[in-house]
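Below is one structure; the comments refer to it alone.
The values are calculated or read from the model by the stated rules, or taken from the named source; none is laboratory data. Predicted, not measured: the structure shown is a model, and the values here were computed from it. Positions of Cβ are generated from backbone atoms using ideal geometry, with glycine treated the same way; all protein chains shown enter the neighbour counts. In case anyone asks, the SASA skips ligands and DNA or RNA and just uses the protein heavy atoms, side chains included. Shrake-Rupley method; radii C 1.70, N 1.55, O 1.52, S 1.80 Å.
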Amino acid sequence: MERLDVIETCTRMAWHADQREWEALRSVFADRVRLDYTSLNGGEPVTLPADDLVAAWSRTLGAFDATQHLVTNHLVTVDGDTAVCTASFQATHRLATPFGSPLWTLGGTYRFDLVRDGDGWLISGVVMTATWADGNHELLARASRDGSA
């Protein structure tokens, strides 16, 4: 049962982000979350308050016409009150544009670090490792600009 609860928490992260359910998205995170998106953006991993993370995702992901994050092939290890879930992902982002394709799709793996919170699990870390991409990568920059306006 613990394994399924961990997978459910990770799946909810993708679902709530795609459905623009920002309050529900916040509920899957611990108060502080370590993010490592360096395979895509370079730089260094960061640790953010979950409220700031959700606000940033709502601006950027919310600027797309639609997103779909598919997360599968979950491998879960539970060790007391912590867990690690690794999974494959494919994330498609759609944004109408007069120049170039309206789609950008990214694939790779996630590593979720989770902590037990009462009877449930919260995500305390996300490492996204991009292994391939297809389509119009410029959509990310455009969504980031549009989302911060």
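Which loop chymotrypsin sites (Phe, Trp or Tyr not before Pro) in segment 81-120, with loop taken from DSSP, have no more than 15 other Cβ atoms within 10 angstrom of their Cβ?
Working: sites: 89, 99, 104, 110, 112; in loops: 99.
When the chymotrypsin sites (Phe, Trp or Tyr not before Pro) of segment 81-120 are filtered for loop state and at most 15 Cβ neighbours within 10 Å, 99 remain.
Divide by every residue of the chain the summed helix terms, -39500 (n - 2.57) for each DSSP H run of at least 4, and state the resulting mean residue ellipticity at 222 nm, rounded to the nearest 500 deg cm²/dmol.
-10000 deg cm²/dmol
Per q in 0.11, 0.22 1/Å, what log10 I(q)/I(0) does a Debye calculation on the alpha-carbon atoms of segment 13-149 return?
These q points yield log10 I(q)/I(0) values of -0.40, -1.59.
Taking Cα atoms, how many degrees apart are the long axis of helix 50-62 and the longest axis of the chain, rounded to 10 and kept between 0 and 90?
30 degrees
On average, how much area does the Cα convex hull of segment 77-134 cover when viewed from any direction, in nm²?
Average projection, Cα convex hull of segment 77-134: 5.1 nm².
Only loop residues by DSSP count here, and only those with at most 11 other Cβ atoms within 10 Å; note down the trypsin sites (Lys or Arg not before Pro) in segment 40-149 that meet that.
Details: sites: 59, 94, 111, 116, 142, 145; in loops: none.
In loop regions of segment 40-149 (DSSP not H, G, I, E or B), there are no sparsely surrounded trypsin sites (Lys or Arg not before Pro).
Nearest 20 debye, what's the magnitude of the dipole of the chain about its Cα centre given +1 on Lys and Arg Cβ and -1 on Asp and Glu Cβ?
It works out to roughly 420 debye.
Ignoring ligands, DNA and RNA, what percent of the 1.4 Å accessible area of the chain is carbon and sulfur?
Result for the chain: 51 percent of the exposed heavy-atom area is carbon or sulfur.
Per residue, how much accessible area does the chain show when a 1.4 Å probe rolls over the protein heavy atoms, in square angstrom?
Per-residue value: 53 Å².
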